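**Q** Take this structure, written in structure tokens, and hold onto it; I'll ask about it next.
Laboratory data are not the source of any read-out in this text; all were calculated from the coordinates shown. Bear in mind that the values here come from a model prediction, so they are computed numbers and not experimental data. Glycine also receives a Cβ, built like all others from the backbone with ideal geometry; neighbour counts cover every protein chain displayed.
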Amino acid sequence: MPTVLSLETSCDETAVAVVRFEAGHMEILANEVASQIAEHAKWGGVVPEIASRRHVEYLPVLVEKCLRDSGKAIEEMDGVAATVAPGLKGSLMVGSITGRTLAALYSLPFLGIHHLEAHLASVLLSENPPKPPYLVLLVSGGHTELIHVCSENKFHRLGRSHDDAVGEAFDKVARLLGMPYPGGPAIEEIAKDGDPKKFSLPKGRVSRPEGGFYPYDFSFSGLKTAMLRRVQAITAEGGSLPLEDLAASFEQVVAEVLVDRSLCCATDLGLNKLVMVGGVAANKRLRELLASRSAKKDIEIFMAPMPFCTDNAAMVGAAALSRLELGKYSSSLELGVSARWPMDQAEDLYQLPPPF
Ligand code: KG4
Ligand code: ZN
């Protein structure tokens, strides 16, 4: 049964996993995530230089631990996978060099993985993974996208954010409300005690030059500004900020926009399966709204298990194993890293000569 060692260092989590494809299922033999969140929180966001340095320190320790926990020797692996794009270049480089070095030393195939393909593969770690075709709502700190998965590893982007990613909007609004980084979990915690209908906030739409709106696209900058104006108005009147209500109203409008546009897209395409992945998919209000509204439309929902929503290496392993299942995918040892790379060109990461 194919087994891979996988590495994830695209942002502020250093993660390693050993994953095996066994009887049609992804089986996690070892999984470690060393979060640097506490250290970056002091600066209100990710400091790229600190992130790269920590990856260098943590990665060898985690590789050793995962191999030990999995009960497997590195020689027993069928491949080594590492995220190579998109992300912070210095951080990606640490995982990529480590992965390529191990692959070269032990004569194993190296698979350079696209970070968003890994997020999509996180749903394969659930009990009941979907079979294509399906629509994916990908909501992370860097991306908000609607992706049509037509067949295994064939992706077509149908919608995107024109400004902030939804996770970024959570992080910026949290900072505005005086909450720590990362903003998503902080807003979620305080919003539990708030009234989600207290403030009426805009559902950003993106206009088409020829008139009307792009039906599946997103914009969160207007919502962010509306939050700022609310905060300024309340402060100018000398009132104390109703943090719970502000957080709950923000979370509610974001959840409604994401759910409604995803369901509209799925319905228009005649797709009856909808998948949600990415860090923001850990949000409970969003998960519940998606589940209740899709049930009314007879659309089946698939979500990544909670621990695999935010960045981890098990999803990188799952993406690599699906590639290996489909054929002899391997990347050049000359493959570098890229801060930006479209997901529908993920196939190029296995081409010769490599694209970057
Ligand atoms: O997927 P991820 O771990 O990293 C990226 O690839 O970007 O996503 C991180 C983002 C952050 O912006 C964080 O605030 C958000 O996911 N996030 C959440 C929650 N947990 C993490 N947003 C809303 N609710 C949550 N519970
Ligand atoms: Zn991510």
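**Q** Where both partners of a DSSP beta bridge lie in the chain, what percent of those bridges are antiparallel, to the nearest 5? Mind showing how you got there, number by number?
**A** Working: 29 of 47 bridges.
Percent antiparallel among DSSP bridges in the chain is about 60.
**Q** Let me ask you something else. Taking trypsin sites (Lys or Arg not before Pro) that fall in a DSSP loop and have at most 11 other Cβ atoms within 10 Å as cut points, what is the longest piece of the chain between them?
**A** Longest run free of exposed loop sites: 43-196.
**Q** So the label point goes 7 Å from the Cα of residue 326 along Cα→C-beta, right? Which residues of segment 143-176 then have their backbone N under 14 Å from it?
**A** Under 14 Å, as judged by backbone N against the label point of residue 326, lie 148-157 of segment 143-176.
**Q** While we're looking at this one, here's another question. Fewest first, what order do 11, 66, 264 take by the number of other Cβ atoms within 10 Å? Working shown, then result.
**A** On the way: 11 25, 66 22, 264 15.
The most exposed by this proxy come first: 264, 66, 11.
**Q** Using a simple spin-label model with points 7 Å from Cα along the Cα→Cβ vector, what separation in nm is obtained for residue 240 and residue 162?
**A** 4.0
**Q** If you don't mind, there's one more thing I want to ask. When DSSP beta bridges are limited to those with both residues in segment 44-194, what percentage is antiparallel, rounded to the nearest 5?
**A** Values: 12 of 17 bridges.
About 70 percent, rounded to the nearest 5.
**Q** Report, ordered by chain and residue number, the aspartates and glutamates lying within cross-link reach of residue 284, taken as a straight Cα distance under 12 Å and ignoring same-chain residues fewer than 8 apart.
**A** 188, 189, 251
**Q** Zone of residue 269 (label point 7 Å along Cα→Cβ, backbone N under 11 Å): which residues in segment 155-181?
**A** Zone members listed by number: 155-159.
**Q** Oh, and also: For the chain, set up a GNM with springs between Cα atoms under 10 Å and report which of 321, 228, 125 has the largest fluctuation.
**A** Top of the fluctuation ranking is 228.
**Q** Same structure again: Could you work out the relative contact order of segment 132-303? I mean the mean sequence separation of Cα pairs under 8 Å and 6+ apart, divided by the number of residues, in percent. Provide the component values of the computation, followed by the final result.
**A** Numbers: 321 pairs, mean separation 45.8, N = 172.
Across segment 132-303, relative contact order equals 27 percent.
**Q** Taking the 0 to 90 degree range and rounding to the nearest ten, how far is the long axis of helix 221-236 tilted relative to the main principal axis of the chain, both from C-alpha atoms?
**A** The helix 221-236 is inclined about 50 degrees to the chain.
**Q** With runs of 4+ DSSP H residues as the only contributors, calculate the mean residue ellipticity of the chain at 222 nm using -39,500 (n - 2.57) per run, divided by the residue total and rounded to the nearest 500. List each step's numbers first, then the result.
**A** On the way: 10 runs with 141 residues, N = 356.
For the chain, the value works out to -13000 deg cm²/dmol.
**Q** Ok, one more. Pairs of Cα atoms under 8 Å, at least six residues apart: use those to get the relative contact order of the chain, whole percent. Intermediate results must be reported in sequence, preceding the final value.
**A** Details: 774 pairs, mean separation 82.4, N = 356.
The normalised contact order for the chain reaches 23 percent.
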